[in-house]
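In what follows, a structure is listed as structure tokens, so that the remarks can point back to it.
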Amino acid sequence: MLRRLLEMIPVLLVVVTATFFLAHAVPGGPFDKDRPMPAEVKARLEQYYGLDRPPHVQLGKYMLHLAQGDLGPSIKYPGWSVREIIGSRMGVSCSLGLVALLLAVLIGVPVGVLAASRPNSWLDRVPMGFTLVGICVPSFVLGPILALVFSLGLGWLPPCGWGSVVHYVLPACTLGLITAAPLARLTRGSLMEVRSLDYVRTARAKGVPPLRVWFVHALRNALLPVVTYLGPAAAGLVSGSFVVESLFDVPGMGRLFVSAIINRDVMLILGTTIIYAVALLFLNLVADLVNAALNPKVARGR
């Protein structure tokens with residue numbers, strides 16, 4: 001674990017450097033508005049935020065502040081630091097991502113087990129056909145379809161907004177169903193490989209109930225590729241979804257990142273990117289630890 005944590009440092013340095021130069025390569029600046037700003041005022045603002053210095057000097061200064069845990073001030077929101085802005089949005093994205101992840105696991109894993117228990121039957125073909133549709137349909141298509149049916153058509157759910165439990169339903173279902181589709185196919189494929197092994201056949205020969213054979217004996221080894229997939233998938237869900245949060249007007253990290261790019265807020269872009277990178281690296285580490293717990297050979301090999 002210590003080695004993996006130390007490996008995160010050079011990865012974060014590469015991510016910050018690449019994001020910094022990409023953000024500066026985008027045409028326009030944070031002070032370019034519809035109404036032209038006087039050149040003197042613009043020059044003073046750039047001097048205040050250090051934007052008048054060469055890019056490598058700005059990057060070095062940012063790295064020094066980052067080493068102290070300072071993400072810098074926001075250019076678009078004067079008087080607010082990037083850490084304060086991200087802190088006010090992170091809870092929304094985390095709660096929505098956790099609900100979507102729970103929904104994906106509760107749907108994807110049982111559907112995959114059901115399809116693997118009856119291969120080449122209607123219990124296999126019908127769910128796998130729906131999962132193929134879930135993989136092919138992107139979130140910016142599924143989200144408006146759900147809003148059109150359940151909000152505008154039936155009137156059961158609000159189409160957008162945030163503030164109550166009801167507002168979780170549509171964005172969580174959009175994220176959860178898209179994640180559950182590949183999860184079900186991975187579970188089904190892994191179980192198809194495991195179902196012919198000796199210990200599974202021995203459990204059947206001993207008269208173990210089918211549900212116990214699949215969910216206790218076979219699923220333990222079949223979950224290894226599923227857990228590996230859940231690492232980056234969970235990072236994307238918990239950190240926030242760009243499209244879904246914008247579609248349903250969710251005040252989370254994804255929507256904040258999109259607005260930061262539109263406003264050319266370099267400090268906010270860097271801060272949100274660092275949060276995404278840290279979440280991805282940390283959840284990948286958690287996935288590796290879960291793999292080691294499920295497979296003793298991995299733990300002994302490392």
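Since every read-out is calculated from the coordinates, none of them should be taken as a lab result. None of these values were measured; they are calculated from a predicted model. Cβ atoms come from the backbone with ideal geometry, glycine included; neighbour counts cover every protein chain shown.
Radius of gyration over Kirkwood radius for the chain, both on Cα atoms: the Rg/Rh ratio is 1.07. Only lysine pairs 8 or more places apart, or on different chains, with alpha-carbon atoms under 28 angstrom apart are counted in the chain, and they number 7. Each residue in Trp122, Trp214 was given a count of other beta-carbon atoms within 10 angstrom of its own, and listing them fewest first yields Trp122, Trp214. Taken over the C-alpha atoms, the stretch 38-173 has Rg and Dmax values of 23.7, 74 angstrom.
Using the average count of surrounding beta-carbon atoms within 10 Å as a protection proxy, the listed peptides 279-289, 56-66, 167-177 rank, highest first, as 167-177, 279-289, 56-66.
For the stretch 90-301, the relative contact order comes to 28 percent (Cα pairs under 8 Å, sequence separation of at least 6).
The C-alpha atoms of the chain define a longest principal axis, and helix 2-25 lies at about 50 degrees to it. Each of Ser164, Leu175, Ser93 was placed along the dipole of the stretch 90-301 (beta-carbon charges, centred on the mean Cα), and the one lying farthest toward the positive end is Leu175. Derived from the Cα gyration tensor, the three semi-axes of the equivalent ellipsoid of the stretch 57-98 are 24, 13, 7 Å, largest first. Of the residues Gly207, Ser196, Asn120, the one whose Cα sits farthest towards the positive end of the charge dipole of the stretch 113-215 is Gly207 (charges of +1 on Lys and Arg Cβ, -1 on Asp and Glu Cβ, taken about the Cα centre). Taking the C-alpha atoms only, the angle from helix 169-194 to the longest principal axis of the chain is near 40 degrees. The Cα atoms of the stretch 151-253 cover 54, 30, 19 Å along the three principal axes, with the biggest extent listed first.
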